[in-house]
Each structure stands twice: as C-alpha cells, then as structure tokens.
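A.B. asks: Before anything else, here's the structure in question.
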Amino acid sequence: MAGKWADRNPVAISDLATALLDPVMRKRAGISIGLVQSWDEIVGPRLARQSRPEKIQWPRRAHEDDPFEPATLVIACEGAAALYLQHETGEIIGRVNAFLGFAAIGRIRIVQKPVASGATKVKPVLRPLSPDEKSKIAGAVGKIEDEGLRASLERLGATVLANRKPKA
C-alpha cells in the first residue's frame, strides 16, 4: 500500500482516546485523564470504588507576576467514603502531587454525590496448574531474554491454561 498511510505504525485505541480526551478534560475540569485513570493507585482500591476526582480549581491570578498558589482538588464521593477521604486528605494531596510531579494541590474539597462506577470486576478463581502445564509454559517462554517480558508471558499462559478445563 503506497501513499501517506504506508509508513504509519499501528496505534492503540487507548492512546488515541487519551490524546483526544486529555485536552478537553484539561480545559473543562483542569484535570488530566492520567489522574483519573490512575485514581485507583493514588487512593487505593477501597476509596477508588466510592470516589473520583472531578476537577482541579486553580486560584485566579490578577497578574502574571503573582506568586504561584496551589490548587484545590475537587473529589466526588459517596456517603461514608467522605469521612475516609477527609481523614486521608494529607496523604492524598501528597500522592496526587507526586503523580503530577510538583506541588500543584494544596487542599481537597469533597463533594458528596453518586459516583457512577463501572461494574466491579470479580477475578475468577483459577484452578491450580499441573506440573506438566507449568513445564509447558516454562518451555514456551524459556528463550525470552527479557525477564519482565518472560514473567508477564508466564502469567498470561498460566491464566489462559487455568481458565480451561483440565484434560482428563
């Protein structure tokens, strides 16, 4: 295939969506999609199920020479999660600032409202693998030099085989 598309590499849909949504979210809510996507790692799975970052409110500056003032992170949460969030605001501010790479957030404002969360994923209980299945996986990935890639492929193979019914 010749033409302008011939030398393009495939791009993941998630990268395209992030590239499209990030500027919109920054403009409307002052927040990056990366922060929303990483919310689970920032606050932990228990709070992430009942909360989400809504927006970052930056203080107005009358002049460009005004000193930098940290912003307020607005977090939407459900019911009792507000109490947990309130007790962990200092730690959450530190984690969000570490994620962003600078002291962007100075305080948190909690807004109680329903948080639409996707269906919680329940991990299936996987059956234990037989020694033959384990050796088959190890043999298949044994020649891969990169340790991280090899370990990831071993986990993938183990998950695939554990989801199948054992051969009788």
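A.B. asks: Would you pick out the residues in the stretch 74-93 that are surrounded by 14 or more Cβ atoms within 10 Å (Cβ to Cβ), of a type outside the set (A, V, I, L, M) and out of contact with any Phe, Trp or Tyr (no Cβ under 9 Å at 6 or more places or on another chain)? Walk me through how you get there before you give the answer.
C.D. replies: First, the residues of the stretch 74-93 that are surrounded by 14 or more Cβ atoms within 10 Å (Cβ to Cβ): 74-78, 81-82, 84-85, 88-89, 92-93.
Among the residues that remain, those that are also of a type outside the set (A, V, I, L, M) are: 77-78, 84, 88-89.
Of everything in the stretch 74-93, those that are surrounded by 14 or more Cβ atoms within 10 Å (Cβ to Cβ), of a type outside the set (A, V, I, L, M) and out of contact with any Phe, Trp or Tyr (no Cβ under 9 Å at 6 or more places or on another chain) turn out to be GLU78, TYR84, GLU88, THR89.
A.B. asks: State which residue is nearest to LEU126 (Cα to Cα) when the search covers only the stretch 141-168 and only residues that are basic (Lys, Arg) and within 25 Å of the chain's Cα centre (by Cα).
C.D. replies: Quick first cut of the stretch 141-168, residues basic (Lys, Arg) only: 143, 150, 155, 164-165, 167.
Now drop any that are not within 25 Å of the chain's Cα centre (by Cα), which leaves 150, 155.
Numbers: ARG150: 21, ARG155: 12 Å.
Top of the filtered list is ARG155.
A.B. asks: Can you tell me how many residues in the stretch 69-91 are in a strand (DSSP E or B) and among the small types (Gly, Ala, Ser)? Please lay out each step first, then the result.
C.D. replies: Taking the stretch 69-91 first, the residues in a strand (DSSP E or B) are 71-77.
With among the small types (Gly, Ala, Ser) added as a condition, the list becomes 71, 76.
Qualifying residue count for the region: 2.
A.B. asks: Now for a separate question. Can you say whether TRP58 is modelled with pLDDT of 55 or more and of a type in the set (Phe, Trp, Tyr), as far as the supplied structure shows?
C.D. replies: Working: modelled with pLDDT of 55 or more: yes; of a type in the set (Phe, Trp, Tyr): yes.
The answer is yes for TRP58.
A.B. asks: A further question follows. What tally of residues in the stretch 62-79 results from selecting those that are at pLDDT below 85 and under 16 Å from GLY106 (Cα atoms)?
C.D. replies: In the first step, residues of the stretch 62-79 are kept if they are at pLDDT below 85; the result is 62-69, 79.
Checking the rest, the ones that are also under 16 Å from GLY106 (Cα atoms) come to 67-69.
So the answer is 3.
A.B. asks: Identify the residue in the stretch 114-134 that is surrounded by 11 or more Cβ atoms within 10 Å (Cβ to Cβ) and not aliphatic (A, V, I, L, M) and, among all such residues, is modelled with the lowest pLDDT.
C.D. replies: As a first pass, look at the stretch 114-134 and keep what is surrounded by 11 or more Cβ atoms within 10 Å (Cβ to Cβ): 115, 117, 126-127, 129-130, 133-134.
This time we only want the ones that are not aliphatic (A, V, I, L, M), so: 117, 127, 130, 133-134.
Values: SER117: 56, ARG127: 84, SER130: 88, GLU133: 89, LYS134: 89.
Here the residue is SER117.
The values are calculated or read from the model by the stated rules, or taken from the named source; none is laboratory data. Everything quoted here is computed from the prediction, not taken from an experiment. Every residue, glycine as well, gets a Cβ built from its backbone with ideal geometry; the counts of neighbours run over all protein chains shown.
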